[in-house]
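What follows is a single structure, written as structure tokens, with notes after it.
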């Protein structure tokens, strides 16, 4: 670690190093319990050096750390346009949930706000993560002109992913991360099917998406597990 | 209106009247743009009278208004234990969404925090609404000892209801409120079915719930609309 501090870092490298250290500290302590001295100590530099990068002090460092967390979360959904929808969603959720797992307290602080940072600015950062994630997903769905139902569906699912992540932390990180990921993918498929029952654009999207899913993939597995549950309620299909 | 002000009100009545007026003001303006004078003017009483009820001034009034909004939202899910699950959820959502519609800006302020009130206290109030709503729903599901999946499912759906309400406001109150309500009920059923595919307790709960749903009710309607979407993807059911 001391090795790193004595290496000559570029301005960008040093800034990233300080932000990563700050995120690490915000991940284990409340923002009000993290001082600039702590950040300086974590990367073995002097307090004045931290101030040179963040002359606004703790407030600026905190916002920059949130900003950096938000950038990382936004990046999760910008997956390559290859593979089926559920493969892409699984990849995106793997990055997203790994971030939640690694930065647990920091993720909570980002979403629930802290007493250090001005709330309206935190809210704007969080909103931007949500919007950007929704746009990426609409891009994966190849819908340039999304209607109100498809937007509502995608945006609501993003909220659910965020909420489920917080609940997962609150439940002591249960169930296992891979189970949570698969459930969130199932949730997306289920919600898209649900919305397709009310909206033609969603029906078209799910039709296109399901056509390229494989029987031995996530949706096939999901369909086989759901079938017995649904088949027990065929009395509901009878026309009245 | 002036009639009301001159009537002799009990302490409780006067307090409710002031809170309702404050909620009304917070519903159309940002918290920082609402003064105690505005509240006093709205119910045609003097500023000192408002101070007598809320000696802590605007901060106290704002928190009390949030508290009152939270109580109303919590009450929505405390529906009588009669009728099928979807009938109960529809009733609960009717009250919840009516509140969102009526107090739009106030609802946003409650969930996104304001710069007036200490964030950690707002967060605690919002958390309590979510917890209480989840407990009420678990009571409707008649599960005294809920496992991690059922809790995750119910709590995630609550987050989705909240998120969808905010998105609905952001989308200029589209789609129609009754369509949003029906979609959220479908979402609950869909998510419970999805989770039942992974968890035995949820499978038991959905089995019990579906048994008392009628073919001409919400789930029957949902099932008939979903069937064609799902039947287009039977290739996924093939065992590999």
### Task
Hey, can you tell me all the residues within the range A:87-106 that are touching a helix residue (DSSP H, G or I) at 6+ places or on another chain (Cβ under 7 Å) and at pLDDT 95 or above?
A:88, A:89, A:90, A:92, A:93, A:94, A:95, A:96, A:97
### Pair list, Cβ < 7 Å and 6+ apart or interchain, from the range B:63-87 residues that are surrounded by fewer than 19 Cβ atoms within 10 Å (Cβ to Cβ) to residues that are outside any helix (DSSP H, G or I)
B:63/B:117; B:64/B:54; B:84/B:212; B:84/B:213; B:84/B:217
### Task
Take residue B:83 and decide whether it is at pLDDT 90 or above and on the phi > 0 side of the Ramachandran plot.
yes
### Query
If we only count helices (runs of 4 or more DSSP H) wholly inside the range B:132-240, which ones have 1 or more residues that are touching a strand residue (DSSP E or B) at 6+ places or on another chain (Cβ under 9 Å), surrounded by 22 or more Cβ atoms within 10 Å (Cβ to Cβ) and at the interface with another protein chain (Cβ under 8 Å from one of its Cβ atoms)?
none
### Task
Determine, yes or no, whether residue B:78 is modelled with pLDDT of 90 or more, outside any helix (DSSP H, G or I) and within 21 Å of residue B:110 (Cβ to Cβ).
yes
### Task
Being without any contact (Cβ under 8 Å) to a residue 40 or more places away in the chain and under 27 Å from the mean Cα position of the chain (by Cα) is the filter here, so list the residues in the range A:212-240 that pass it.
A:216, A:220, A:221, A:222, A:223, A:225, A:226
### Task
Being without any contact (Cβ under 8 Å) to a residue 24 or more places away in the chain and in a helix (DSSP H, G or I) narrows it down to one of B:129, B:39, so name that one.
B:39
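The values are calculated or read from the model by the stated rules, or taken from the named source; none is laboratory data. These numbers were taken from a predicted model, which means no experiment stands behind them. Using ideal geometry, Cβ is built from the backbone for each residue, glycine included, and neighbour counts are taken over all protein chains shown.
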